[in-house]
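Bear in mind these aren't lab numbers, they're just calculated from the coordinates by the rules spelled out. Quantities reported herein were computed from a predicted structural model and do not represent experimental measurements. Every residue, glycine among them, receives a Cβ derived from its backbone with ideal geometry; neighbour counts consider all protein chains shown.
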Amino acid sequence: MKEFRDDIRRRAEGFGRDPDEIKVFFVILPLIADTIGHAQEMSEAWNARGGTNFEISMSHVEATQEIDRSQFDLDQQLPTGVSTNGHQSTLENTKGAWGDRTIREAASGGRTSSVPLIGMAESVADEMEAIMAEVGGDSFLIHNQSLSRTYTASIIDDLAPALKHQLLRDSQRDMG
């Protein structure tokens, strides 16, 4: 992660840009639970499903690329002339990664991965802080592992307050 951010900053400087104006956000997939054991069970269950959850994969693809794939035959390749008003680079990367596979095959096999952030909210917040201290990145983008209300609530109700508490703690420490 650090090498990636440093490379982006070098490239920006090479193009005459102020590297501090280029923000780098790392995609993470935190799994938050009330106990470490439960979080590990959730992670194992998620990994056991592999890339086979077609509906979740397709929802992510459609959300980021703003393309309604119901207009396509899912057992055919993605048509070559497809364009988007959404994440254009993501669509181009998708086209390259999917290659000759059908939409169904490709979407069933796609997974986003990140540095493992699995545990209770406070420990995950501490891990996130340690990563930023080491890497020097600007922040994180949380990529949800599922579209469930439970997962979203674990981020909003548990992780966000832990991060806020951490920020307040660090601010007080900096003030002396």
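Here the 3J(HN,Hα) profile of the range 69-84, calculated from phi with Karplus coefficients 6.51, -1.76 and 1.60 at θ = phi - 60°, is 7, 5, 6, 10, 6, 5, 9, 10, 5, 5, x, 5, x, 5, 9, 8 Hz, Gly and Pro shown as x. Put simply, the amide H of Ile118, placed in the peptide plane, has neighbours under 5 Å in Leu31, leaving out anything fewer than 5 places away on its chain. Close amide-amide hydrogen proximity is noted between Phe140 and Phe26, each under 5 Å apart and 5 or more residues distant or on a separate chain (H modeled in the peptide plane; Pro and chain starts excluded).
Do the sum for the chain: with -39,500 (n - 2.57) for every DSSP H run of n ≥ 4, divided by all residues, what is the mean residue ellipticity at 222 nm, to the nearest 500 deg cm²/dmol?
It lands at -16500 deg cm²/dmol.
Ranking Phe72, Phe25, Gln40 by Cα position along the charge dipole of the chain, where only Lys, Arg, Asp and Glu carry charges on their C-beta atoms, puts Phe72 farthest toward the positive end. Cα convex hull, the range 51-110: 71 Å³ per residue, rounded to a whole number. Cut-off is 10 Å between beta-carbons; in what order do Ser171, Ser108, Ser139 appear when sorted fewest neighbours first? Ordered by Cβ neighbours within 10 Å, fewest first: Ser171, Ser139, Ser108.
Over the chain, the fraction of Cα-Cα pairs per 10 Å bin, rounded to whole percents and listed from the shortest bin up, is 9, 29, 31, 24, 7, 1, 0.
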